[in-house]
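Worksheet: one structure, shown below.
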Amino acid sequence: MSSLLQPYNERMMRVLLYIQQNLDGDLSPETLAEQACFSVVHFHRIFKGMIGENLKEHVRRLRLERAAYKLCYTELSVMDIALEAGFESSETFSRAFKKRFHLSPSGFRDNTRTMFIPGNTDTIHYTPQPDIKNFRLDNAANDGKVEIRTRPETHLAFIRHIGSYFSVTKAWEKLCSWGFENGLLSTETEFLGLCYDDPDITPQEKIRYDACFSISHEIDTPSGIGTQILPGGKFAVTTHYGPYEELHSAYKDLYGKWLPGSAYQPRDIVPSFEKYIKAPPDVPSEEAVTELWLAVY
């Protein structure tokens, strides 16, 4: 194992072992992020990149696999096993179980009495006596190029958007219309999107996003538009070519592939942000060019 990979791998292995040993305990994002010594947002993105599924999916799958184990090797009732797996009724448990194993719980018990995972590509599974030696992280190669860049602090005019990342158009239209009318936009202007929340863990209606453009001097702003300073420093930067719907893959590679193999740690006090080099409606969505910036040290 690379000496650069080891610190991240050790932290993630510790989290994976904790999850399996505490499937009925406190598996809140805050608790697990503390185990890994990451902030909650960074932890989720790193977890998804390294494991290949988000935290909620991972825990749910392991609980279903534990349920399958108990159906195979115990005489507990389906209802008892459903409750232990965190389901409120045998009906919802049966639907989830059948989706995962292609058999109903009773059919699984009657016809198999052996563990199997159909069509499975996951690398970490439930075991009654978990051991990190049996865990394999997602070692797929990172295809994206990452550069380390240093930038000064940047003064920004911004509008705060609360809601899905895919519904920020009105915020941008209002901000850019105001900026154009006041002569604040030029060829030197940077257009940035500050992304505070991970949509895998934050409900869409609570996601925070700042639509921003850079400014060179202090300005007065109307109600609904504010100013802030984006801290400078060292950043890891990767470029995504294509529609915004595919940005999650670029984030996954940056956080889950490149970062664990680097010599860097994420700076928690600076939000990750997107810099829009080419963006709709100036270009078709498939021709969009977006830089992802992650503050590191």
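The values are calculated or read from the model by the stated rules, or taken from the named source; none is laboratory data. All values reported here derive from a predicted model rather than from experimental measurement. Heads up, the Cβs are rebuilt from the backbone with ideal geometry, glycines too, and the neighbour counts pull from every protein chain shown. With ligands, DNA and RNA removed, areas are computed over all heavy atoms of the protein, side chains included. Shrake-Rupley method; radii C 1.70, N 1.55, O 1.52, S 1.80 Å.
Among the candidates D220, D210, the residue that is under 18 Å from L292 (Cα atoms) and not small (G, A, S) is uniquely D210.
Among the residues examined, F213 qualifies as open to solvent by less than 40 Å² (accessible area, probe 1.4 Å) and within 17 Å of H161 (Cβ to Cβ).
Count of region 187-217 residues, restricted to those that are assigned to a loop (DSSP other than H, G, I, E, B), within 21 Å of V237 (Cα to Cα) and in contact with a helix residue (DSSP H, G or I) (Cβ under 9 Å, 6 or more places away or on another chain), is 5.
Those helices (runs of 4 or more DSSP H) of region 71-118 in which at least 2 residues are at pLDDT below 90 and surrounded by fewer than 17 Cβ atoms within 10 Å (Cβ to Cβ), considering only elements entirely within it, cover 105-111. For region 131-186, give me each residue that is part of a loop (DSSP other than H, G, I, E, B) and among the polar types (S, T, N, Q). Matches in region 131-186: N139, N142, S164, N182, S186.
Applying the set (1) surrounded by 14 or more Cβ atoms within 10 Å (Cβ to Cβ); (2) out of contact with any Lys or Arg (no Cβ under 7 Å at 6 or more places or on another chain); (3) aliphatic (A, V, I, L, M) to I229 leaves exactly one unmet item: (1). Of all residues in region 23-36, one or more are farther than 30 Å from L247 by Cα and in contact (Cβ under 8 Å) with a residue 24 or more places away in the chain. Scanning region 162-208 for residues that are of a type outside the set (D, E), in contact (Cβ under 8 Å) with a residue 60 or more places away in the chain and surrounded by 16 or more Cβ atoms within 10 Å (Cβ to Cβ) gives Y165, F191, L192, G193, L194, C195, I201.
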